[in-house]
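The structure appears right after this line, and notes come after that.
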Amino acid sequence: MKYLGSQLRKPAFPQPGRSGKVSGLMIAVSSIIFLVIMLVVLIYAPPKDAPQKTAATDGESSGHQADASAKGESEDSGDENALEMYCAAGIKPPVAEMAAQFAEEEFGMPVHLQYGGSGTLLTNLQVAKKGDLYLAADTSYIEIARDKGLVQEAIQVAQMHPVIMVQKGNPKGIKSIDDLLKDDVTVALANPDAASIGKLTKKVLTKHGKWEPLSKSARVFKPTVSEIATDVLLGAVDAAVVWDATVNQHPEKADMVDVPEFQEAIKNVTVGVLTSSQNPQEALMFARYLQAPEKGQKAFAKLGYQTVEGDKWEPHPTILLFSGGVNRLAIQDTLKEFERREGVTINTVFNGCGILVGQINSGQRPDAYFACDTSYMVQVQPKFRAPLTVAETDMVIIVEKGNPKNIKTVFDLANEDLRIGLSHHEQSALGALTKKLLSSLELNGKNLYDLVQPNVKTNTPTADLLVNQLRTGSLDAAIVYRANLPYVKDKVDIVEIKSGDPLAQQPIAILKTTAYPNLMQRLVDKLTSTPSRSLFESIGFRWRITPESL
């Protein structure tokens, strides 16, 4: 307004003081023009205090995030396609850096970060019921979120432990928790109900009988580790209990005092993918990015965090799975679902386990191996981590509908004029188990396996081929797994094997040298989940997973 008034005093119009004559017409015209300009200014002038939004994907916004973090603020650039992440305040430096790099280097997808204490953020996401990722300074919060149905996958990205943070040079000579109780020492603590570091400090010091006196002598409680660290840096207090990584980020202004009470209190920084995520594939990609040694782990190490074993970085990894043919129907849908959610490709080789073991021993290296039976896991065990037995199924005899050859027991397979199908004992786990079963039984003082051999018309690497040959009338009977029969139960008759040991157990194991150990563990978790159990049981397997076996 002042500027406009100044412009109107310029000689665009006659100056009354100079001419000595004042034209009424000129005054009226000037007044009208002035009123029109004023009206235009009032309508179109921009607000002086328009809000400044920042994106969490560039260096400038990262600086803003730090300020927002201390205030517990959220940041939103308004991009509807961005990932929404709840991030523990103590982890903001590496996560903000990686969020910017992820958007720049990878797929241009921004990551909006909302900072706060781990407990506060958990409360927020329960209320909001939206978002893609939740990064907590302590895995216990992720487990709480998982129990509440808020988190599906969990990926560890770093480790930390509590220390005492003091000003550079430690002017108060603080060496222990007891020193924090001295009259001339002021202390800041994080709120146990809001921040992970506060919750852990209370838990550990309560165990040592030191929480009550320290909490009473503390000058201030604040909701995030960032705020109490700032208090030390500004000299507002002499000390604070923070993460070791927090002190490592201020080497020129602060020192760390490691005390025995906290040395065993190591916590895993973990990011969970929320069940509310509308972009789970992209959310998992960013979580894998944080964990990858070539990407996020570099930032975590640079900023003073303890790093973890991460998977090799690939935006869309390709993994190789060897599986016995008996598992095909039970796992194929789960594998497809895993591929879609994780954004990965699974090359699955289904075959007889004798063939698969031969390929492994000749140099092939599947990222995981799901065997038909434990006897075929043992043969390659040194190359794999400890196996997990997932399910079991038993062997049965299948015959034509109506059982025209009147086969009632396994011993009847030695009858004359029968066409029998067995799996190959070297190429197939089923064939080896069949040979072992029949060899353990005797008929009229003779080995049953030898007695059956004249009737054997075919040896196949998988049971599927035996089922097909029986249905086409090429065979009178065959020994297969019960789990091979879910879709042909109304087309064949089943004769139970009640002699010997007809049981087969299916273990899975991850390759020791795989480049994707964490991804493969999530695949194993998926294959041992409750929905997967339903698929196994619907096909005829019995479930072997128990809480103790996980």
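The values are calculated or read from the model by the stated rules, or taken from the named source; none is laboratory data. Because the structure is predicted, anything quoted here is derived from the model rather than measured. As a convention, Cβ positions derive from the backbone with ideal geometry for all residues, glycine included, and neighbour counts pool all protein chains shown. Accessible surface is based on the protein model in full, side chains and every heavy atom, while ligands, DNA and RNA are left aside. Shrake-Rupley method; radii C 1.70, N 1.55, O 1.52, S 1.80 Å.
Brief remarks follow.
- Any chance Arg522 is under 27 Å from Ser439 (Cα atoms), basic (Lys, Arg) and either exposed (fewer than 14 other Cβ atoms within 10 Å of the Cβ) or in contact (Cβ under 8 Å) with a residue 24 or more places away in the chain (or both): no
- Filter result for Gly198 (open to solvent by less than 10 Å² (accessible area, probe 1.4 Å), within 22 Å of Ala89 (Cβ to Cβ) and assigned by the TED database to the domain that holds Ala128): no
- Yes/no for Ile346 being farther than 19 Å from Gln521 by Cα, assigned by the TED database to the domain that holds Thr409 and either out of contact with any Leu (no Cβ under 6 Å at 6 or more places or on another chain) or not in a loop (DSSP other than H, G, I, E, B) (or both): no
- Failed condition for Lys199, given (1) closer than 26 Å to Val308 by Cβ; (2) over 28 Å from the mean Cα position of the chain (by Cα): (2)
- The residue list Glu60, Glu80, Glu105, Glu143 contains one member that is open to solvent by 70 Å² or more (accessible area, probe 1.4 Å), more than 22 Å from Ala229 (Cβ to Cβ) and modelled with pLDDT of 95 or more, which is Glu143.
- Of all residues in the stretch 411-430, those that are closer than 18 Å to Tyr481 by Cα have Cβ atoms under 6 Å from Cβ atoms of residues that are among the charged types (D, E, K, R) and surrounded by fewer than 22 Cβ atoms within 10 Å (Cβ to Cβ), 6 or more apart or on another chain, in His425/Lys435.
- Residue within the stretch 281-297 that is of a type in the set (Phe, Trp, Tyr), outside the structural domain of Asp184 (by the TED database) and at negative phi present: yes
- Inside the stretch 379-427, residues that are assigned to a loop (DSSP other than H, G, I, E, B), more than 35 Å from the chain's Cα centre (by Cα) and of a type in the set (Gly, Ala, Ser) make up a count of 1.
- Residue that is open to solvent by less than 60 Å² (accessible area, probe 1.4 Å) and of a type outside the set (Asp, Glu), where the choices are Pro517, Pro531: Pro517
- For the stretch 420-441, a residue qualifies if it is open to solvent by 50 Å² or more (accessible area, probe 1.4 Å) and farther than 21 Å from Glu496 by Cβ, and the qualifying residues are His425, Glu426, Gln427.
- Any hit, the stretch 360-368, residues being modelled with pLDDT of 95 or more, part of a helix (DSSP H, G or I) and outside the structural domain of Thr246 (by the TED database): yes
- Thr120 vs. criteria hydroxyl-bearing (Ser, Thr, Tyr), over 22 Å from Phe262 (Cβ atoms) and surrounded by fewer than 23 Cβ atoms within 10 Å (Cβ to Cβ): yes
- Selection from the stretch 442-458 of residues that are in contact (Cβ under 8 Å) with a residue 12 or more places away in the chain and open to solvent by 100 Å² or more (accessible area, probe 1.4 Å): Lys457
- Conditions (1) open to solvent by 10 Å² or more (accessible area, probe 1.4 Å); (2) in contact with a strand residue (DSSP E or B) (Cβ under 8 Å, 6 or more places away or on another chain); (3) farther than 15 Å from Trp243 by Cα: number failed by His161: (3)
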